[in-house]
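Working notes, structure below.
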Amino acid sequence: MAHIFIPKRWRRIPEREATPEQVYWNRRKFLAAAGATAAFELLPWPLKGAAEPLAQRNQKYKLERPVTAEESVTSYNNFIEFSDQKDAVGQLASGFKTDPWTITVFGLVGKPQTLDVKQLIRKMPMEERLYRHRCVEGWAMAVPWTGFPLAELIKSVQPKASARFVRFRSFYRPDEAPGQRKLTSYPWPFNDSLTLAEATNELAFLVTGMYGHELAIQNGAPMRLVAPWKYGFKSVKSIVGIEFLESLPTKNLTYWHDVVSHEHDFSANVDPEEVHPRWSQKTEKVLGTWQVRPTQLYNGYGEFVAHLYAKR
Ligand SMILES: Nc1nc2c(c(=O)[nH]1)N[C@H]1C(S)=C(S)[C@@H](COP(=O)(O)O)O[C@H]1N2
Ligand SMILES: [Mo]
């Protein structure tokens, strides 16, 4: 049997205090189920360094299609801070430092703060969800993301009554991100926003892992938003700022809206009937297999979000 190494710090303090509740219970479950076969797995994430905490899959969010091969999800990326060539992003992002990483929460909140991502992960209730993802360009995928509900973070910073929008901001590090040096006409940094009602919807997920391990840099490490009922560009990667606002700003509101405002409205909900000037949204192609499927209104998440919109 593997030797179990327990760091001194963990021996001195009671287990309940030493680990966040979630990790504690997951560890108990793991111990009961597997015995102490993989001692490494028993340590909470920050001590392991690489792997995610033992997040349970939330069975509420179901797919009607197979999970996309991870290899496809990490080799075909929109992340223009690095490149506007999807197959070049992975390589160009590979040396990008995502640790240490802090996220500043500011604007109309009772508790503005700067959070260390690793500490945040230990505090939040981590879970795995299988979500569909649909890019406005017409490709789609299905991914097991690990993360926690955005609503949990929002609750903890106590938005003021006047807060109505939440804006997410990505990094600006042109020395390390070649796209930010080359694509100079774009409105850096990458921003996108949700209404507070959308942001506190149960589907809005802050993601720190995929396929049972840490998030790949090209997919938005160390933490990204995933709003699966909206076109992918709303799901800001590598977030450094979360701002609570009373009204919509006219600039840096939403990245693709700023760039091509006639093509994208603010809400950017997946909609097969959307009239896109350059292509139809009626169908989508599945990454990897390139199978063609009908696009679903709200990307199939109407039961969770349709009430937010008067339209249909
Ligand atoms: N910071 C940042 N976030 C971003 C983007 C980007 O270029 N920069 N692209 C968006 C777009 S258009 C899509 S479709 C998704 C792609 O996510 P994926 O590479 O994990 O599939 O990320 C979104 N988030
Ligand atoms: Mo996209």
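Nothing in this text is a laboratory measurement; each read-out follows from the coordinates by a stated rule. Keep in mind that this is a model prediction, so the values were computed, not measured. Backbone-built Cβ (ideal geometry, glycine too); neighbour counts: all protein chains shown.
Mind running the shape call on the stretch 265-312? Use the C-alpha gyration tensor, a ≥ b ≥ c as the square roots of the eigenvalues: rounded below 1.5 for a/c, prolate if a/b tops b/c, oblate otherwise. Before the final figure, lay out each step's value.
Values: a/c = 2.62, a/b = 1.49, b/c = 1.76.
Since a/c reaches 1.5 but b/c is at least a/b, the shape of the stretch 265-312 is classed as oblate.
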Three-way shape label, the stretch 58-309, alpha-carbon gyration tensor, a/c 1.5: rounded
Cα gyration tensor, the stretch 55-186 - rounded (a/c under 1.5), prolate or oblate: oblate
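Taking the Cα centre as origin and putting +1 on Lys and Arg beta-carbons and -1 on Asp and Glu beta-carbons, what dipole magnitude results for the stretch 58-309, to the nearest 20 debye?
Numbers: 29 positive and 28 negative charges, 71 e Å.
For this selection, approximately 340 debye.
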Check: the stretch 140-275 dipole with +1 on Lys, Arg Cβ and -1 on Asp, Glu Cβ, in debye: 440
Summed side-chain charge close to Leu206 - residues other than Leu206 whose Cβ falls under 10 Å, Lys, Arg +1, Asp, Glu -1: 0
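Order these by the 10 Å Cβ neighbour count, fewest first: Thr250, Thr74, Thr208.
Fewest-to-most ranking of Thr250, Thr74, Thr208: Thr250, Thr74, Thr208.
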Local net charge near Arg278, Cβ-Cβ under 11 Å (Lys/Arg +1, Asp/Glu -1): -2
Ranked Glu71, Glu152, criterion: other C-beta atoms within 10 Å, fewest first: Glu71, Glu152
Equivalent ellipsoid dimensions for the stretch 65-117 as semi-axes, Å, which come from the Cα gyration tensor, largest first: 30, 16, 12
